[in-house]
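Take a look at the structure set out below.
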Amino acid sequence: MTRLLQSAIVASDEVPPEATDTDDGGHRWTARRVRRACARGVLVLGVLLTVLGLSVVVACAIDDRTIAESQGDGVAEVLDTSLTRTVVRFSTPEGRVHIPQDGVLYPGGLQQGQFVRVEYDTRNPDLVRVAGRGMVLSLLPVAGWLAGLWVVVGGAHWLLRRPAPVER
């Protein structure tokens, strides 16, 4: 035996007085929600830039390991220094002259015309670094950049998450 619904009114056409005509399911983008979404966006951007910075250190470690696996040594002349790369020219024991297109790794302090000892990958002589230098030199700049990044990200997140001033 089925029990029938006891109520005579099943549904109502009544609309609550606070109802509005919106297509967002009743979720309005209030200033608080916008600030919260921006705060999350700032954190996501900070995480992505942190991953990018750490990938620089990992790439340096991979380059160093690649050079160490098949290392050749030589003396290179610094041909040109610029903000983005330092170009060197060196010879291999076979007498081949190489000018790596991407420049030399860890070029800090080098000047045009200077001669410097280099280590290179004998399988790929375009991968060359200044002798005695390694990925450890990338740690300080990346760590400083990440510290500055998180000061900015932390400040922006704090500003976006703090309570909005009360209007009087």
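Calculate I(q)/I(0) for segment 31-161 by the Debye formula, one identical point scatterer on each C-alpha and no solvent, and give its log10 at q = 0.15, 0.22 Å⁻¹ to two decimals.
-0.74, -1.20
First check a/c for segment 108-168, with a ≥ b ≥ c the square roots of the eigenvalues of its C-alpha gyration tensor; if it is under 1.5, answer rounded, and if not, answer prolate when a/b is larger than b/c or oblate otherwise.
It comes out prolate by the Cα gyration axes.
What does the charge count near Ser91 come to, summing +1 for each Lys or Arg and -1 for each Asp or Glu among other residues with Cβ under 12 Å from its Cβ?
Taking every Cβ under 12 Å from that of Ser91, the sum is -1.
Go through segment 47-138 and name the GluC sites (Glu not before Pro) that are in a DSSP coil and have 11 or fewer other Cβ atoms within 10 Å of their Cβ.
Here the GluC sites (Glu not before Pro) that fit, given the DSSP loop and packing criteria, are Glu94.
Suppose a student asked you for the relative contact order of segment 31-161, using Cα pairs under 8 Å spaced at least 6 residues apart; what percent would you report?
30
Based only on other Cβ atoms within 10 Å, what is the fewest-to-most ordering of Ile62, Ile67?
Ile62, Ile67
Rule-based calculations on the coordinates, nothing more; no lab input. None of these values were measured; they are calculated from a predicted model. Cβ sites come from the backbone with ideal geometry, for glycine too, and all protein chains shown count toward neighbours.
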